[in-house]
Amino acid sequence: MDLFLIKPRYRASPIRSIAALARSLRWDALALVDMAERANGMWRTVKPKPGSIRQTFDAMGPLKEIHQSLKLNIFSKVDFPEYLQGSLKGRDYVSNASLHKDKQILICEDVKGFFPSVGAAYVEDVWCGFFGFAPDVAKLLTKLTTKDGCLPQGCIASSFLANLVLWRHEPLLHAKLAQRGITYSRYVDDMVMSAATHLDKATQTWVIAQVYGMLARHNLKASRKKHEVFSATQPMIATKLIVNRKPSLSLKKRSQVRAQVRQLEIAVGTGLDAEELRDLANKAAQQVGQLGRFHKTQAEHLRNRIAIVRGTLPIEHPSIITAPSNAPLSQELSTGSLSSK
């Protein structure tokens, strides 16, 4: 049986010159070249979230503007197959998990140090090989989208490039697995394979070997510590969601959300000021919002408890903006001379 390859597709003409690239990005060509030479120093380190060990970055100033232009004028013209689920419109960790619901077996792999391991050569291959851009254009874009010779995690362009970096071999992996009735998806560096029927040990070994082989062709490795195989007789977890029937949060996570709301209620009597309590309420509400995507009844009860706490806090009064008495409000708005009183 022939394999049916489903590939990402760029539906625009390749860019053959730096001048054409500049026109596409709405930038001056000389400024673009100058920016590429200075780009490596135009990044800031983002403070990690509590408990996270991942180092993320954000492009600064004009470089970030270029990345936004890349998103609007180049990446928006790429059709991404459904098996790519990371950082794309309408797709997230929930949609990724949904692809693997109600299966009999689940195999999960995590790419070890994914972003730091994607070297500039592989990014350049995306620009030159996948997009078909001229070599000098590809080299310039690589300078604009890499930091210290690798793909920086956290910025606008990196999420799209992460989806494309395996473009040469991932469609073949997907097709080979699909031929055996195995669903494949990748959520950035999380790779998930599942099947509606149980896979024997030999087939499981074959699946894992196929994944590891594809990664090795891109100088990437799977994290052995995060390798997991689940059967339907136990909780099956894909991108941190239980998928035995439909995506849902684990009992542990649900308990943590309830505990956060309880901590908020306890904090009311501890002498914290209103601003600190509002901050705790906002954080609890964010977690309850996530819970509500999967467990609406539980979330509604917790929202009501947060609302009771918020009802005890003094009302915030936003700054009132007024116009001088001798000038019409419309005039002040048009001149931008409104001031806080």
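Between the alpha-carbon centres of segment 109-138 and segment 61-95 there is a gap of 15 Å.
First select every other residue whose beta carbon is under 10 angstrom from the beta carbon of R9; then total the charges, Lys and Arg +1, Asp and Glu -1. Each step should come with its number before you reach the end.
Details: positive: K7, R11, K77; negative: D79.
Charge balance in the 10 Å sphere: +2.
The mean sequence separation of alpha-carbon pairs under 8 Å and at least six residues apart, normalised by the residue count of the chain, gives a relative contact order of 19 percent. Solvent-accessible area per residue in segment 1-109 equals 59 Å², computed with a 1.4 angstrom probe and all protein chains kept.
Amide hydrogen proximity for F57: with H placed 1.01 Å from N in the peptide plane, the residues at 5 or more positions away or on another chain lying under 5 Å are V46, Q153, G154, C155. If you sort the three axes of the alpha carbon gyration tensor as a ≥ b ≥ c, you get a/c of 1.5 or more for segment 160-270 and a/b above b/c, which makes it prolate. Of all the accessible heavy-atom surface of the chain, with the other protein chains kept in place and a 1.4 Å probe, what percent is carbon and sulfur? C and S atoms contribute 53 percent here.
Filter the cross-link list K77/K143; K49/K225; K71/K246; K103/K176; K112/K296 down to pairs whose alpha-carbon distance in this structure exceeds 25 Å.
Working: K77/K143 21 Å; K49/K225 22 Å; K71/K246 32 Å; K103/K176 19 Å; K112/K296 35 Å.
In this structure, K71/K246; K112/K296 lie more than 25 Å apart at Cα.
If you place +1 on the Cβ of every Lys and Arg and -1 on the Cβ of every Asp and Glu, how big does the dipole about the Cα centre of segment 216-299 come out, in debye to the nearest 20? Mind dumping the intermediate values first?
Numbers: 17 positive and 6 negative charges, 169 e Å.
In total the dipole reaches around 820 debye.
What is the chain by shape, rounded, prolate or oblate, if you read a ≥ b ≥ c off the alpha carbon gyration tensor as root eigenvalues and call it rounded for a/c under 1.5, prolate for a/b larger than b/c, and oblate otherwise? Here the chain falls in the oblate category.
Net charge in the neighbourhood of I53 (other residues with Cβ under 15 Å of its Cβ; Lys, Arg +1, Asp, Glu -1) is +4. Counted by Cβ distance under 15 Å from D28, the other residues give a net charge of 0, where Lys and Arg count +1 and Asp and Glu count -1.
Segment 216-243 and segment 159-194 have Cα centres lying 13 Å from one another.
In order along segment 158-169, the Karplus-derived 3J(HN,Hα) couplings, from 6.51 cos²θ - 1.76 cosθ + 1.60 at θ = phi - 60°, round to 4, 5, 6, 5, 4, 6, 9, 5, 9, 4, 6, 10 Hz, and Gly and Pro are given as x. From the Cα gyration tensor of segment 68-110, with a ≥ b ≥ c the square roots of its eigenvalues, which class applies: rounded if a/c is under 1.5, or else prolate if a/b is larger than b/c, or else oblate? Prolate, because a/c is 1.5 or more and a/b exceeds b/c.
The values are calculated or read from the model by the stated rules, or taken from the named source; none is laboratory data. These figures come from a predicted structure and were not determined experimentally. FYI the Cβ positions are ideal-geometry reconstructions off the backbone, even for glycines, and counts take in every protein chain you see. Calculation scope for accessible area: heavy atoms of the full protein, side chains included, ligands and nucleic acids excluded. Shrake-Rupley method; radii C 1.70, N 1.55, O 1.52, S 1.80 Å.
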